[in-house]
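The values are calculated or read from the model by the stated rules, or taken from the named source; none is laboratory data. Given the structure is predicted, the values throughout are model-derived calculations rather than measurements. Here Cβ is always computed from backbone atoms with ideal geometry, including for glycine, and neighbour counts include all displayed protein chains. Note: accessible area is taken over every heavy atom of the protein model, side chains too, but ligands, DNA and RNA are not part of it. Shrake-Rupley method; radii C 1.70, N 1.55, O 1.52, S 1.80 Å.
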Amino acid sequence: MRAGERRDTDVGREDVGHEDVGHAGLGRQRPPAAVLFDALGADYEKAFGRAPAHLSALEWLIERLPTGARTLDVGSGTGRPTAAALVAAGHSVLGVDVSPVMVELAARQVPGAEFRRGDVRELSFEADSFDGVCVFFSLLQMTRAEQSALTRRLALALRPGGHLVLATVPADVEDVEVVFMGR
């Protein structure tokens, strides 16, 4: 690594908040979401990248964001459709995902956005730092307590008048293993 370069595990002050969280998740077992989405890779985008409800929610958000808005894409996956749509609309995007495979795909597919690998449950966010926050289906592998705590922190990270778009599925249940895309 050359001087000034950052690894995909580096998430610091200029990216998401006032605390330098460094190498989130290193030295511990990888979160199940990372293992799952590393295995799914681009197949996830093929299956879910054109979901009408997702695209409609993105349109709703884009219509309400100020010009050049600073946005956060939690669980950014492959970068499409969320980060790609936000960048195409002229907004600044920081995507965070726990899967290094997804971060690599997103960086390649949406070069106008910034992507970092990290577990969003471990990241701190500076208050009033984003105009928009997107959380599309990335809370599904969290406990209810983790979901509540994260949602509260994300709301505080919004600037006054900012927008939080959050989507989950009707069968969002805790402590129940399900087969998802054959896994």
Exercise for the section: Look at the stretch 76-127 and say how many of its residues are in contact with a Pro (Cβ under 9 Å, 6 or more places away or on another chain), of a type in the set (A, V, I, L, M) and buried (at least 22 other Cβ atoms within 10 Å of the Cβ). Expected result: 1
Completion exercise
Out of (1) touching a residue at least 40 places away in the same chain (Cβ under 8 Å); (2) under 9 Å from the mean Cα position of the chain (by Cα), the one Phe137 does not meet is (2)
Exercise for the section: Identify the residue in the stretch 49-75 that is in contact (Cβ under 8 Å) with a residue 12 or more places away in the chain and over 22 Å from Leu158 (Cα atoms) and, among all such residues, is least open to solvent (accessible area, probe 1.4 Å). Expected result: Gly49
